[in-house]
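One structure is given below, represented as C-alpha cells, and several questions about it will come after.
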C-alpha cells in the first residue's frame, strides 16, 4: 500500500502550495517473520521425520514379508503421494480455518498413522502411511506452511521458502542415525510409537504459540488475479510453463527419491553397517539442505514472477514433486525385487534426470531467446 505524504514546497501570494509525494511501503518483514519461518522449519523437521523410519528400517520390515522390498517402499511412496494430494485439500481448509489448526490436526494424524503402521505390513503400514501420515498428516502441514510463511515476507521470500522447504532434507540429515540406533535397540515398531509421541509433543505447542494470522500485504495491480491471467511467461501461457515445471518436478524427484529411500538397505547389501549407511544418508540430505539455502538466496537476487495464485499453484507443484518422490522410491523397490540388485533402478533414475534437464533446458532457452536483442 502506498503511503501518501503532503509537503509544502513554496509559499506564493500568501498561499501555500502542496504537492503529493508517494513513498514505497515499509516491508512487512520483521523479526517475527523469521521467528515464524524458523518454527515452521522445526515443524517440518518433526513432521517429515515420520517418513524416514520406514526408509531406515526397510530391510527389517521387508523381512516380515519374505524380503519383498517394494512393500515398505510403497508405504514411503504413499506418504509422499498422499502429502501431495492432501496439500491441495488442506491448503483450502487452511485458508478458511487458519494454518495453526491444520498443522495441529496434521501432527495428530501423523502420530495416528505411525501407531497404525506398527500393526505391520502390508495393509496397516500402507494405510498408516498413505492416508494418515501422508494425505491428512503431512498434507495438513507441508503445503499450507508454504503459503502461510510466504505471507510473512515480501523482500526475502525466496530465502524464507528455501528454509522451510528444506525441512524434509533436514529431517533426513538428522533422524536416520538416531532411528538406526533406536531400531537396533528397540525395534522399528517401538521407534514409531516413541516418535509419534515426540512429534506431537513438539509440534502442537509451537503451532499454538507462533502460527497466528499473518500480516496483510496489499497486492498491486500488476500481481492481481486478472493481470496474472493475461500475463505471458517466456512468451507462453502461464499454464503451459507451469505444466512444464510440474513435469520437471516429477522427473527431478524420481532420481532423488531412489537413493533417499534405499541407501541404507543398499549399504547393507554391500556389507556396510547400518550405522554407516544412516550416516551416509545424513550427509546426502545435509548437503541438499545447504544447496536449498543457496538457491533461495539466488532467488531473492534474481527475483520471481508476481502472482496471486499461490494458494493453488504451490500445492499443485508440491503434488507433482510428491508424485515423483513416490514413484522413484516405489520403482526402485520394484526393480530391486525383479532384478535382485539396484543397478537397473539407478539407471532409470539417470534417465529421468536427463529428461528433466531437457525440460529445464527448454525453459532456459526460451528465456535466453527473449532476452537476446533482435539481430539485423
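We did not get these values from a lab; they are worked out from the coordinates using the rules stated. Fair warning: this is a prediction, and the values are worked out from it, not measured in the lab. Note that we place each Cβ from the backbone using ideal geometry, even for glycine, and neighbour counts take in every protein chain shown.
If I model a spin label as a point 7 Å beyond the Cα along the Cα-Cβ vector, how far apart are those points for residue 89 and residue 64 in nm?
Placing both labels 7 Å beyond Cα along the Cβ direction yields 2.6 nm.
What nm value, rounded to one decimal, do you get for the distance between residue 38 and residue 269 when each label is placed 7 Å out toward the C-beta?
4.3
Show me the ranking of peptides 320-331, 337-348 by mean Cβ neighbours inside 10 Å, starting with the highest.
Ranked from most to least packed, the peptides come out as 320-331, 337-348.
Could you please rank 362, 28, placing first whichever residue has the fewest other Cβ atoms within 10 Å of its Cβ?
By the 10 Å Cβ count, ascending, the order reads 362, 28.
Using Cβ contacts closer than 10 Å as the measure, can you line up 102, 30 from fewest to most? Don't skip to the answer; put the middle values down first.
Numbers: 102 29, 30 12.
Neighbour counts put them in this order, fewest first: 30, 102.
Right, another one. Please say if the range 31-371 is rounded, prolate or oblate, where rounded means a/c under 1.5 for a ≥ b ≥ c the square roots of the C-alpha gyration tensor eigenvalues, and otherwise the choice is prolate for a/b larger than b/c and oblate otherwise?
Cα axes put the range 31-371 in the oblate bin.
At 7 Å along the Cα-to-beta-carbon direction for both residue 283 and residue 181, put a label point, then send me their distance in nm to one decimal.
A separation of 1.9 nm, rounded to one decimal place.
Would any residue of the range 108-139 have its amide N under 17 Å from a label point 7 Å out along Cα→Cβ of residue 208? List them or say none.
In the range 108-139, the label zone of residue 208 (backbone N under 17 Å from the point 7 Å along Cα→Cβ) covers 108-109.
Could you give the length gained by full extension between residue 347 and residue 27, i.e. 0.36 nm per residue of separation minus their alpha carbon distance, to one decimal place?
Full extension of this stretch gives 110.4 nm more.
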